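Worksheet for the structure shown next.
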Amino acid sequence: MEEVPEEGKVYVISEFNVDDVKYSYSAVSNKKEIYFLKRTTMTLIKEDDGMIPKYKFELVGFNALKARVGDTNILTDLMGSVENILPMQSRNTATGPKDILLFDLTDGSERIKVTVWADQAHELKAELDKMGDEYKIIILTSCGITEYRKQLQASSLSPTKFYINPNYDAVHNLRYKLNAINEPMIGDESPSVVDCSETKIETYNLKQITELRKSDMQNLEVICHVSVCSIDAQSKWWFYSCDSCPNELTFIDNSYKCEDCVKIVSYPDKRFKVSMYVTDPTDTIQVFMFDREVRRLVSATVNGLIGQNMKEGKGDKIPEKIINITGKRLILTLSLNPKNLVDGNSVYFASDVVETSENPSPEQPSEQNTTVSTTHHNGAAVDNTMGIKSASNKRVHNKDDGPTKKKKT
Ligand SMILES: [Zn+2]
């Protein structure tokens, strides 16, 4: 590649391959992997609206570290407060003597030994020396975990990076735990998984959607034009989510587990899940909207809103910003599941949303007259709208409209 992507910058990337991950010394546990091709293009997005979090770690709690001993499939991200830094030492290795920095990491209850090697040892030492007496909470990514005389140890590896006191939710929580000073949490939220392009989705009104029975189909995506009549303020507006997939975690035996990934998540992500009622002239339905969609509508992350609630002493009350979704006009993509299509369940899940200024259409578009297809080319949405008979029905739906852009039709 002519230009190597820079960590921390935001790009629009088009034309690449997606494949299942073949785990070997992986830095992240995602199930899919992107492969760049010769024709892959990358466009740097200059403006940063803060909707893509700066950091994304998969921190493993010290109490769950034992399962990572000797694991060469997935490397381990660690967080803790630095203690007992020893003077720089030298070790003989197969490639000659190397300097090492030894210290302890603690999470307030347990403690592990850490070895950082070579150049990084000197870099980390210099950074730590610069700091005062405040808690030095570091995140050390992509470590290897070993056990020696029943003592867990972590070692830096070539992909390891360190972050000292990063602005990250879990770091704030640990500092809060360590010095019991109430600090507001500042937003950091992972973007949810984005679907790929090349789709063809039909537009229906709500009555047609509730009457849809496709016995030959288990899943179906449809588009509808609605306005939000109310937000369900009784339901919880966020949930603890897996750090490898968007699933909700279940709390069993004092820890959060992802049933799909079959793992304990020590530091769960927080994601939006907002229940609302939406209406068009034909019907009203209940829709659940998840992280990416809600983030786009409220221009904030869960942690951002929780932090604001804490500042204002509002606890876990549903934030004003979410209530203010009421009255918005939306083009919703609904993801119908077997419960909708077979059992006729009237609770729906949104898989995409675009805010619009138009009224919910009073006409009843049939299956044939509005078909929307979207493809991507060099980061720009190309309107491939086909089969439109009525101009008033022409709507461009940008399926892959990422969190950095807000497109309106
Ligand atoms: Zn998971």
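The values are calculated or read from the model by the stated rules, or taken from the named source; none is laboratory data. If you're wondering where the values come from, they're calculated on a predicted model, not measured in any experiment. Every residue, glycine among them, receives a Cβ derived from its backbone with ideal geometry; neighbour counts consider all protein chains shown. Just so you know, the surface numbers come from the protein's heavy atoms only, side chains and all, with ligands and any DNA or RNA stripped out. Shrake-Rupley method; radii C 1.70, N 1.55, O 1.52, S 1.80 Å.
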Karplus (6.51, -1.76, 1.60) ³J(HN,Hα), θ = phi - 60°, over the stretch 65-78, in Hz, Gly and Pro reported as x: 5, 4, 5, 9, 4, x, 6, 9, 7, 10, 8, 10, 8, 10
From phi via Karplus (6.51, -1.76, 1.60), per-residue ³J(HN,Hα) for the stretch 15-31 in Hz, x at Gly/Pro: 6, 9, 9, 10, 9, 5, 6, 9, 5, 6, 6, 6, 7, 10, 9, 4, 8
Amide H partners (placed H, <5 Å) of I45, local residues excluded: V10, Y11, V12
Residue pairs, from the table K31/K125; K161/K257; K9/K130; K200/K236, whose Cα atoms sit over 31 Å apart: K31/K125; K200/K236
Efficiency of FRET from Cβ geometry, F251 and V21, R₀ 30 Å, rounded to 0.05: 0.65
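How big, in percent, is the set of alpha carbon pairs in the stretch 245-288 lying more than 12 Å apart?
Roughly 68 percent, once rounded to a whole number.
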Accessible carbon and sulfur surface of the stretch 62-179 relative to its total accessible area, %, 1.4 Å: 48
For L157, distant residues with modelled amide H under 5 Å away: G144
Nitroxide proxy distance, nm - points 7 Å out along Cα→Cβ at K314 and K130: 3.7
Amide hydrogen neighbours beyond the local backbone of K98, cut-off 5 Å, H modeled: R91, N92, T93
